[in-house]
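Inspection log for the structure reproduced underneath, given as structure tokens.
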Amino acid sequence: MQTDLLSENMSEKEEMKDITKEASSKEETSSSFVLDIHDLSKMYGVFSAVNNLTLQVKKGEIFGFLGHNGAGKTTTINMLTTLLEPSSGSGTVAGYDIVEEALEVRRKIGYLPENVRFYDSMTAYENLDYFARLSGISKPDSRIWDVLDFLDARTYAHKKISTLSKGMRQRIGIAQAIIHEPEILFLDEPTSGLDPFGVKQLRDVILRLNSEKGITIFMNTHLLQEVTKTCSTIGVLNHGNLIYLDSLSNTMKRFRDEKSLEDIYLNIENSKEE
Amino acid sequence: MNNMLTIAKKEFQDIFRSRTFSIILVLLLVLTATSILVSTLVFKSQVSQYESSLALLLSMGKTPTEAAPQLYPLNLLRGVVDYIEIIGAIIGILLGYLSIAKEKNTRTMKLLLSKPITKKDIVFGKITGNFLFVSLTIVFVAAMILASFLAIGGISLTAVDYYKILAVVILSIAYIMVFFTLSFFLSIQQKSLSNALMICFTIWLVFVLVLPQIGDTMDPDNQVPGGFFKSMGFDKPQEKAVMAKFSGYENTRDFIEQLSVTKHYERAGFAIFGVKTKYNDMPFPDILADQWFNIVSVFGLLAAGIFADAFIMYRNREAWSV
């Protein structure tokens, strides 16, 4: 009887220990991962756009999400930014559930969609003022100038968006995405349509955002060059399935025989398709 | 609330910067003024005709039997109601369409939906911004009416006349907003924006032009210029007695007309302005009581439209996609 009680007590203690451990690991998880998704799927009828995606992104990382056109990258970003509800699976962004706490998630993220053109009839400043207010900043003036200074775009503030170059518009796009100081920034093909100079400038901005402001970046791209120059971790998506996930340095080591990242990418895609 | 007002303010400023709307607004104002001036000239010519025939009769030593034409200034506003019926509906459709189409085409709808705001903020913000613009447009039209009366001279309005103008202003805003909510709904609901616009203009064609026209064409009194019964020398009781024999036909005609929000707006507007003679000497509250169904129909459709807009925005999970 005594033995029974003792063992019961012990098991209770162990259970308590497990719960504490679980809680502390949860705490650790929520503090170290800005993005944490499990078995996330999106179905359109019978077509599976994203299939059981499980992924974690650590705070301070620049995560490159690679894949050919139609691989499901944008659908994934749409789910993570709460624009789309997943068909199944779960996930948190900045510690908030992407379905149950969508409004909280949106407070913590910045997002720049692909090829967004903004409000043409308004100036860059007016666009930023509008989006800042919608992001919850009631007096955005000083914040706007700070962000424009950070992006070296002060001189364009009072120009109409329609008169700005694509590269400059992307910078204004990033400005609207970071004006409320988000924890994580989602960029969907940010360099799409930019000339080489524009690409380099934007790359520098992304790196500075990460190093100086400590913003975690989740970037969709199919430009492998970008990944080598900016990202710390890469994931490869193929037909909605995550087929590869590792740090860039490990990837380079693992595929040391390949001449370029492009070869590595093709190697990964081909090996999975075979 | 703040988010809704931010969106409303931006929406309002956006329309004001649009050249298309400046042109439509100026067109509506010019047509309003022209219509009042033309109606006044017609009335003045009727008066001078009456006066010359009166002088002729008196010179012949006869007693005039026909009463002098009476001026009810608000009768002169018939054309304004007609223009708002057609151009106002177009303004409503374009506003609703552009409010969504621009956001979809520039992909700013995606940005909006990724901000910490609710879909309710977006729908009601946009409706409020456009409502303010439409209200301002109609207030401009009302100001143009008063300015035209002042320019013509010799027309004095009573306090009741001002109330009547105010009533039609409110009714006109609601009427235009019915078309706004319709076009707003379709622009969200349809993946193809050009389809949305085509459906809107088909609806406009049917409900603004075709249905009221069918009703008018079927009206026996419209078969002869100046009115069939008047040309036959029938008085009102006689007209009623004749029409009683065609009640089935008349009910069908009425039903067709009632399908159109335009007709509800027109009937109420004409009654309030006294375009139909029987309302000229009727007290204003009695006119409103007589026209309650038409007035409620316009406001009811507006409420249904707002509800439908909110519903489709929540239901359509990919409201941003083109």
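A dipole drawn for chain A from +1 and -1 charges on Cβ atoms has a positive end, and of A:Phe33, A:Pro113, A:Ala157 the residue lying farthest that way is A:Ala157.
Evaluated with a Cβ-only charge set (Lys, Arg +1; Asp, Glu -1), the stretch A:121-232 carries a dipole of roughly 240 debye about its Cα centre, given to the nearest 20.
Lys and Arg at +1, Asp and Glu at -1: add these up for the other residues within a Cβ distance under 11 Å of A:Tyr156 and post the number.
+4
Under the criterion of Cα pairs below 8 Å and six or more residues apart, the relative contact order for the stretch B:35-170 equals 33 percent. Summing charges over neighbours of A:Lys213, with a neighbour being any other residue whose Cβ is under 12 Å away from its Cβ, gives -3 when K and R count +1 and D and E count -1. Per residue, how much accessible area does the stretch A:172-274 show when a 1.4 Å probe rolls over the protein heavy atoms, in square angstrom? That works out to 45 Å² for each residue. When B and A come together, around 2600 square angstrom of accessible surface is lost from both chains combined, probe 1.4 Å.
Counting only heavy atoms of the protein chains and using a 1.4 Å probe, B:Glu239 has close to 40 Å² of accessible surface. To the nearest 10, the accessible area of B:Ile84 is 10 Å² with a 1.4 Å probe.
Using a cutoff of 8 angstrom between alpha carbon atoms and counting only pairs six or more residues apart, the relative contact order for chain B works out to 27 percent.
What is the stretch A:137-236 by shape, rounded, prolate or oblate, if you read a ≥ b ≥ c off the alpha carbon gyration tensor as root eigenvalues and call it rounded for a/c under 1.5, prolate for a/b larger than b/c, and oblate otherwise?
oblate
Tell me what the protein assembly as shown gives for mean residue ellipticity at 222 nm when only DSSP H runs of n ≥ 4 count, each as -39,500 (n - 2.57), the sum divided by the residue total, rounded to 500 deg cm²/dmol.
When only DSSP H runs of four or more count, the value is -20000 deg cm²/dmol.
With all protein chains in place and ligands, DNA and RNA left out, the 1.4 Å accessible area ranks B:Tyr162, B:Tyr97 as B:Tyr162, B:Tyr97, largest first. Taking B:Arg315, A:Arg117 and ordering them by how much accessible surface each has at a 1.4 Å probe, largest first, produces B:Arg315, A:Arg117. Computed from point charges on the beta carbon alone (+1 for Lys and Arg, -1 for Asp and Glu), the dipole magnitude for the stretch B:47-159 about its Cα centre is near 960 Debye.
Put B:Val38, B:Val123 in order of accessible area, highest first, and with a 1.4 Å probe you get B:Val38, B:Val123. Farthest toward the positive end of the dipole of the protein assembly as shown, out of B:Pro64, B:Pro283, A:Ile137, is the Cα of B:Pro64, where the dipole comes from beta carbon charges about the Cα centre.
Among the residues of A:128-140, the average count of other protein chain beta-carbon atoms within 10 Å of the residue beta-carbon is 4. If the label point is 7 Å along Cα→Cβ of B:Val38, which residues in the stretch B:239-268 have backbone nitrogen under 19 Å from it? Of the residues in the stretch B:239-268, B:266 have backbone N under 19 Å from the label point off B:Val38. A:His158 exposes around 130 Å² of accessible area when a 1.4 Å probe is run over every protein chain in place.
Among rounded, prolate and oblate, which fits the stretch B:99-245 when a ≥ b ≥ c are the square roots of the eigenvalues of its C-alpha gyration tensor, a/c under 1.5 means rounded, and a/b larger than b/c means prolate?
The shape class here is oblate.
Ignoring ligands, DNA and RNA, please state the percent of accessible area on the protein assembly as shown from carbon and sulfur, probe 1.4 Å. With neighbouring chains kept in place, the figure for the protein assembly as shown is 58 percent. For the stretch B:84-127, a reduction of at least 30 Å² in accessible area between the chain on its own and the assembled protein chains (probe 1.4 Å) is found at B:Thr106, B:Arg107, B:Thr108, B:Lys110, B:Leu111, B:Leu112, B:Leu113, B:Ser114, B:Lys115, B:Pro116, B:Ile117. Computed about its Cα centre, the charge dipole of the stretch B:12-110 is approximately 580 debye, with only Lys, Arg, Asp and Glu carrying charge at their Cβ. Electrostatic tally near B:Phe133: other residues with Cβ closer than 15 Å to its Cβ, Lys and Arg +1, Asp and Glu -1, net +4. Probing with 1.4 Å while keeping every protein chain in the model, the per residue accessible area of the stretch B:172-322 equals 51 Å².
Between helix A:166-178 and chain A there is an angle of about 40 degrees, using the helix long axis and the longest principal axis of the Cα atoms.
Excluding ligands, DNA and RNA, the accessible surface per residue across the stretch B:1-159 is 47 Å² with a 1.4 Å probe. Sequence-ordered 3J(HN,Hα) estimates for the stretch A:127-143 from the Karplus curve with 6.51, -1.76 and 1.60 and θ = phi - 60° stand at 4, 5, 4, 4, 5, 5, 4, 5, 8, x, 9, 6, 10, x, 3, 5, 5 Hz, glycine and proline given as x.
In terms of the Cα gyration tensor, with a ≥ b ≥ c the square roots of its eigenvalues, is the stretch B:20-102 rounded because a/c is under 1.5, prolate because a/b exceeds b/c, or oblate? It is prolate, given that a/c is not under 1.5 and a/b is the larger ratio. Here the simple spin-label model places points 7 Å from the Cα toward Cβ, and for B:Leu56 and A:Met252 these points are separated by 10.5 nm.
Short-range pairs are left out: with C-alpha atoms under 8 Å and at least six residues apart, the relative contact order of chain A is 23 percent.
The values are calculated or read from the model by the stated rules, or taken from the named source; none is laboratory data. Everything numeric here is computed off the predicted structure, so don't read it as measured data. A quick note on method: Cβ atoms are made from the backbone with ideal geometry, for glycine too, and the neighbour counts reach across all protein chains shown. Accessible surface is based on the protein model in full, side chains and every heavy atom, while ligands, DNA and RNA are left aside. Shrake-Rupley method; radii C 1.70, N 1.55, O 1.52, S 1.80 Å.
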